[in-house]
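Visitor: Dropping the structure in here first, questions after.
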Amino acid sequence: MKKKLTTSEFTRLSSFITRNYGIKLPFKKKILLENRLQKRLRELDINSFDMYIKHLFSDVGLQNELVHMIDSISTNKTGFFREKQHFDFFKDEVLPAFYYSKRKNDVFRVWSAGCSSGEEAYTLAFLLSEFKSNFSDFNFSITATDISTKMLSTAKNGIYPEEQIVDVPVHMKQKYLLKSKDRQKRSVRIVPELRNIIRFEQFNLMRKEYTAFDSFDVIFCKNVLIYFEKQTQYEVLKRFTGKLRKNGFLFLGLSESILSFDLPFNKVAPSVYLKAGN
Ligand SMILES: C[S@@+](CC[C@H](N)C(=O)[O-])C[C@H]1O[C@@H](n2cnc3c(N)ncnc32)[C@H](O)[C@@H]1O
């Protein structure tokens, strides 16, 4: 039977989630949270949200349950070449700008922050590999992070249903995707060369410091901040600013913008920003 989440239980959970993960959960999301956590209660054979909360905040729960709770509440919608105009800009403007101004041993570094199940990072890997096949002295690295361990495990596996690859250009499909031998499965797998190139890692953007990473030439953080409160968005964006190199680019989702914040960026395309003032 479906378990009910009381208002005070909702408040306890939602304030914890917002404080620790940035994701805002206004009261109108109560039913959504209730529905998303039902499965966890069933899996744990727990009879009420009161018991679930006690378990979650126990020492064992904080060690083991937290990751499952985050997996159940995060919104993970993504896709290959999602918001394609950004990948066109990346290929046609960002890569040549870097390449023609780089010093001999510079490595192009990109971060897909909030990478979900990996499609964004693999899209970047396709484009970077294509660029490298034209310019052999071009070297790159890709870091891809998310809060959800479930999504990261899908990303590392690199297996996707065939219907999800419709937006991948044919020549890239041929080069970078392997069809499953079992044709019943109708799935593809990213070639090992690209799977191994990407550093997939769990990382909470709410961390106060991003010292785990060196600086980047480009940060993609698309369709992530939209779920955060304004002040949290600003703090995350400030930390991104510190992690971007001179002439670095920040890509947000097409419905996102930094224009209301006092940050050193110039807008160069819809939801694409170039770090200024170096
Ligand atoms: C809607 S997906 C966006 C995926 C991809 N960037 C795209 O635009 O297609 C948002 C992702 O942000 C992740 N996320 C949410 N809060 C986060 C946090 N505090 N730290 C890191 N990742 C977070 C979610 O787990 C989810 O996978």
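Visitor: Along the stretch 209-214, what does the Karplus equation 6.51 cos²θ - 1.76 cosθ + 1.60 (θ = phi - 60°) give for ³J(HN,Hα), rounded to whole Hz, x for Gly and Pro?
Guide: Those phi angles translate into 10, 10, 5, 5, 10, 6 Hz.
Visitor: I've got another one for you. Hey, quick one: spin label on Lys132, modelled 7 Å out along Cα-Cβ, who in the stretch 178-197 has an amide N within reach, i.e. under 15 Å?
Guide: 191-197
Visitor: Moving on to the next point. Can you list the lysines whose alpha carbon sits under 28 Å from that of Lys3, skipping same-chain ones fewer than 8 residues off?
Guide: Straight-line reach from Lys3, under 28 Å: Lys24, Lys28, Lys29, Lys30, Lys39, Lys54, Lys77, Lys150.
Visitor: Here's a follow-up. Among Leu32, Pro169, Thr241, pick out the residue whose Cα is farthest towards the positive end of the charge dipole of the chain, where Lys and Arg carry +1 and Asp and Glu carry -1 on C-beta, about the Cα centre.
Guide: The listed residue farthest towards the positive side: Leu32.
Visitor: Estimate the FRET efficiency between Val191 and Asn247 by the formula 1/(1 + (r/R0)^6), using the beta-carbon distance for r and 30 Å for R0, to the nearest 0.05.
Guide: 0.45
Visitor: Another question, then. If I model a spin label as a point 7 Å beyond the Cα along the Cα-Cβ vector, how far apart are those points for Val166 and Lys150 in nm?
Guide: Reported label-point gap for Val166 and Lys150 is 2.5 nm.
Visitor: Taking every pair of alpha-carbon atoms in the stretch 102-235, give the share separated by more than 21 Å as a whole percent.
Guide: Summing the P(r) of the stretch 102-235 above 21 Å gives 46 percent of all pairs.
Visitor: If you take the square roots of the eigenvalues of the alpha-carbon gyration tensor of the stretch 1-81 and sort them as a ≥ b ≥ c, do you get rounded (a/c under 1.5), prolate (a/b over b/c) or oblate?
Guide: rounded
Visitor: Between 0 and 90 degrees, rounded to the nearest ten: what's the tilt of helix 230-243 against the longest Cα principal axis of the chain?
Guide: 40 degrees
Visitor: Projected onto the charge dipole of the stretch 7-73 (+1 at Lys/Arg Cβ, -1 at Asp/Glu Cβ, origin at the Cα centre), which of Val60, Phe16, Leu41 gives the Cα projection farthest towards the positive end?
Guide: It is Phe16.
Visitor: Check Lys24: other-chain or 5+ apart residues with amide H under 5 Å from its amide H, H built from backbone geometry?
Guide: Phe228, Glu229
Visitor: For the chain, give the share of DSSP beta bridges that are antiparallel, in percent and rounded to the nearest 5; count only bridges with both residues there.
Guide: 40 percent
Visitor: Next question, about the same structure. Which ³J(HN,Hα) values in Hz, rounded to whole numbers, follow from the phi angles of the stretch 57-65 under the Karplus curve 6.51 cos²θ - 1.76 cosθ + 1.60, where θ = phi - 60° and Gly and Pro get x?
Guide: 8, 7, 4, 5, x, 5, 6, 10, 8
Visitor: Let me ask you something else. Amide H of Phe265: which non-local residues (sequence gap of 5 or more, or other chain) have their own amide H closer than 5 Å, using H built in the peptide plane?
Guide: For Phe265, the qualifying residues are Ala276.
Visitor: Sum -39500 (n - 2.57) across every DSSP H segment of at least 4 residues in the chain, then divide by the residue count to get the 222 nm mean residue ellipticity, nearest 500.
Guide: -12500 deg cm²/dmol
Visitor: Using a Förster radius of 25 Å, what is the FRET efficiency between Gln63 and Arg239 based on their Cβ-Cβ separation? Nearest 0.05, please.
Guide: E between Gln63 and Arg239, to the nearest 0.05, is 0.40.
Visitor: What is the extension gain from Asn76 to Val268, computed as 0.36 nm multiplied by their sequence separation minus the C-alpha to C-alpha distance, in nm to one decimal?
Guide: 66.4 nm
Visitor: Separate question: Using a simple charge model, +1 on the beta-carbon of Lys and Arg, -1 on the beta-carbon of Asp and Glu, nothing else, what dipole does the chain show about its Cα centre, in debye to the nearest 20?
Guide: 320 debye
Visitor: Further, regarding this structure: For the chain, report the convex hull volume of the alpha-carbon atoms normalised per residue, in Å³, without decimals.
Guide: Measuring per residue, one finds 151 Å³ for the Cα hull of the chain.
Visitor: How far apart, in nm, are two points set 7 Å out from the Cα along the Cα-to-Cβ line at Ser48 and at Asn20?
Guide: 2.2 nm
Visitor: I would also like to ask the following. What do you get for the angle between helix 7-21 and the principal long axis of the chain? Use alpha-carbon atoms, 0 to 90 degrees, nearest ten.
Guide: Between helix and principal axis, roughly 30 degrees.
A short reminder: the numbers here are calculations on the coordinates, not readings from a lab. From a predicted model like this one, the values you see are computed outputs, not experimental measurements. Cβ coordinates were reconstructed from backbone atoms using ideal geometry, including for glycine residues, and neighbour counts include every protein chain displayed.
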